[in-house]
Amino acid sequence: MNIAKIGLIGISGFGSIHLRSIEQLQGKMVDLRAIVATSYEKNKEVIDRLASRGVEYYQDYRLMLENHKDLDFVAISTPIHLHAPMAIDAMERGFNVLLEKPPAVTIQDIDAIIETKRKTKRVCSVNFQNTSGKAFRKLLEYIREGRLGRIKSIIGVGRWKRDESYYQRNAWAGKLIVDGNYVLDGTINNPLAHLLNNELIIAETSEENGGVPQKVTAELYHGHKIEGEDTACVRIITKTGIEVYFYSTLCNREEESPYIIIEAEKARAYWTFANKFKIEYFDGNTEEFDGGREDLFVNMYINMVEHLFEGKQLYCPLEVTRNFVLASNGAFESSGCIYDIPDEYLEISNENGKIYTYIKNIKEIIDEAAENRKLFSEIGVPWAKQTEEFDLIDYCCFSMFKR
């Protein structure tokens, strides 16, 4: 059995999830050879534990790449604004890459990574782990086979809650720019990025260019006192005319499993983060599928290893995520800024010492908007702001917010 030699850049924060996934596969499919963490003191216990079994520790990822040229791939789980430069550097040095999402913040950066991959002939998979569940993979098979017919619209809804500490966990949380670099940290680019990415993959799977955003109208808001958005509604018209809607918030009173509704010629399909789907065919038949409990993060590592050694298709190759980055940039361009939700429409709640900000009636607002395929301003939400449609034809450079 082939075992992939790997190096992990970033072991704290979300990097700890990567490390957990690697350790589940250690000795079976992977062999962790080296790790990178900028702070030894912060990660002393983990570093010492791994060092005791021969894993080498580095503070500078470039030293790891220099000293471990035999690695089959490197996993990059670092702050968002470092994804593009590190991925480009690693591939230029000859390494395959498993890159944490989002792969890049701007269209110019994702294009630079794609061009580097093309020139170096390296492999780059993006860790959008919600592409790896059995239910999503099976749904894509059905779409390819034409079981749903031509797709007309795709609606994604994600409603979560986050307390104030979520925006204090690191230096870039909730920020638009950090140290002169774009982050655009919010629902679109970070916690609910999987939802939008999966919507666009569904659209692209249905027909060539079906997932390429052409026009975007978006309204971006924040209830929390942050720079980025914690609530959004986005309408995307793709190159082939598919309508994609994205509704998100981190100011809901409860955690809900994000879901996608597909409206097609032959059926209506429902897929959820719970690894399930249901298809209601217009001929009266119904089909349900439950993918069961899976570790989606582990799935992404297995997929990377099997691609490298057996040629299996990647669940989320770099190129397919360009549509996500393009849609994200278009959403910010359309909204123009992040709008404050006035305090009168917010509720601040202290729950066991955790401070939450809720938008009043946000669940009902999103339900109404999604059911009618409208933006918040189009259904008369009092705090909503009407924005302009943004054309993405020939769009190649994001340059907002910097002065």
Treating the Cα atoms of region 115-251 as identical point scatterers in vacuum, please give the log10 of the normalised Debye intensity I(q)/I(0) at q = 0.10, 0.21 Å⁻¹, two decimals.
-0.41, -1.26
20 °C / 1.002 mPa s Stokes-Einstein diffusion coefficient of region 173-246, Kirkwood radius on C-alpha pairs, µm²/s
163 µm²/s
By DSSP, what percent of the beta bridges with both residues in the chain are antiparallel, rounded to the nearest 5?
60 percent
Computed about the Cα centre, the charge dipole of region 4-129 from +1 Lys/Arg and -1 Asp/Glu charges at the Cβ has a magnitude in debye, to the nearest 20, of 300 debye
Kirkwood Rh over alpha-carbon pairs of region 4-129 plugged into Stokes-Einstein at 25 °C, 0.890 mPa s gives a D in µm²/s of 169 µm²/s
Of all the accessible heavy-atom surface of region 4-129, with the other protein chains kept in place and a 1.4 Å probe, what percent is carbon and sulfur?
49 percent
To the nearest 20 debye, region 93-174 has a Cα-centred charge dipole, built from +1 on Lys and Arg Cβ and -1 on Asp and Glu Cβ, of 400 debye
Report the net charge of residues surrounding Lys360, where surrounding means a beta-carbon distance below 11 angstrom and charges are Lys +1, Arg +1, Asp -1, Glu -1.
-2
Run the helix sum for the chain: -39,500 (n - 2.57) per DSSP H stretch of 4+ residues, divided by residue count, reported at 222 nm to the nearest 500 deg cm²/dmol.
-9000 deg cm²/dmol
How far is helix 362-372 tilted, in degrees, relative to the longest principal axis of the Cα atoms in the chain, given as a value from 0 to 90 rounded to the nearest 10?
70 degrees
Debye log10 I(q)/I(0) at q = 0.11, 0.17, 0.18 Å⁻¹ for region 208-325, Cα point scatterers
-0.57, -1.27, -1.33
Across Ile177, Ile355, Ile107, the residue with the highest GNM fluctuation in the chain (Cα network, 10 Å cutoff) is Ile355
Helix 322-335: inclination vs the chain longest Cα principal axis, degrees, rounded to 10, gives 50 degrees
Looking at region 246-403, what % of the alpha carbon pairs are farther apart than 25 Å?
55 percent
Using mean Cβ contacts within 10 Å as the protection proxy, how do 21-33, 239-251 order, highest first?
239-251, 21-33
Provide the per residue accessible area, probe 1.4 Å, for the chain, rounded to a whole number of square angstrom.
42 Å²
With bins of 20 Å, the percent of all Cα-Cα pairs of the chain per bin from 0 is 27, 58, 15, 0
Highest GNM mean-square fluctuation among His224, His194, His307, for the chain with Cα springs under 10 Å, belongs to His307
Treating only the Cβ of Lys, Arg, Asp and Glu as charged (+1, +1, -1, -1), what charge dipole size does the chain show about its Cα centre? Round to the nearest 20 debye.
940 debye
Once both axes come from the Cα atoms, what is the angle between helix 107-120 and the longest principal axis of the chain, in degrees from 0 to 90, rounded to 10?
40 degrees
Over the chain, what relative contact order in percent results from Cα pairs under 8 Å that are six or more residues apart?
18 percent
Relative contact order (%) - region 95-146, alpha-carbon pairs under 8 angstrom, separation at least six
43 percent
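The values are calculated or read from the model by the stated rules, or taken from the named source; none is laboratory data. Everything numeric in this text was worked out from a predicted model, so none of it was measured. Positions of Cβ are backbone-derived with ideal geometry, glycine not excepted, and every protein chain shown enters the neighbour counts. Areas reflect the complete protein model, heavy atoms only, side chains present, ligands, DNA and RNA absent. Shrake-Rupley method; radii C 1.70, N 1.55, O 1.52, S 1.80 Å.
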